[in-house]
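What follows is a single structure, written as structure tokens, with notes after it.
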Amino acid sequence: MTRILLSGLGILLVSGAACAIEPGPSSANQKQTEAWLQLQASGKAASSIPQPSSPIERDLSMQRWLDTYQHPIPDFYEQKKGGTVSSGSSGGN
């Protein structure tokens, strides 16, 4: 019985800790990013001029999408074959 009560109390404490994080952006950059995403999703800044694509543009876009299926997706990626990625700054460049 005590074990059940302690387990229940532990679950309540863990779930309470998860709710302790305040909603919303954690930095000024994140706040600005979220504002841009909301503006884009709402369509409030959308152009009133329709911008249709031409049949040639649609065909080229469709062909580009279809061409992506010509390359098989590997089971795994070998990191050494892709080159190297430097992390950090390169001394003021």
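The values are calculated or read from the model by the stated rules, or taken from the named source; none is laboratory data. The shown structure was predicted, so the numbers you read here are calculated from the model rather than taken from an experiment. Neighbour counts run over all protein chains shown; Cβ positions are idealised from the backbone, glycine included.
Checking I21 against (1) assigned to a helix (DSSP H, G or I); (2) at pLDDT below 75, only one condition comes out false. Which one?
It is condition (1) that I21 fails.
Among the numbered conditions (1) surrounded by 10 or more Cβ atoms within 10 Å (Cβ to Cβ); (2) modelled with pLDDT of 70 or more, tell me where A28 comes up short.
All conditions pass for A28, except number (1).
When you scan region 68-87, how many residues do you find that are at pLDDT below 80 and outside any loop (DSSP other than H, G, I, E, B)?
The total comes to 4.
Among the residues of region 31-67, what is the count of those that are of a type in the set (V, I, T) and either under 20 Å from the mean Cα position of the chain (by Cα) or at pLDDT below 90 (or both)?
So the answer is 1.
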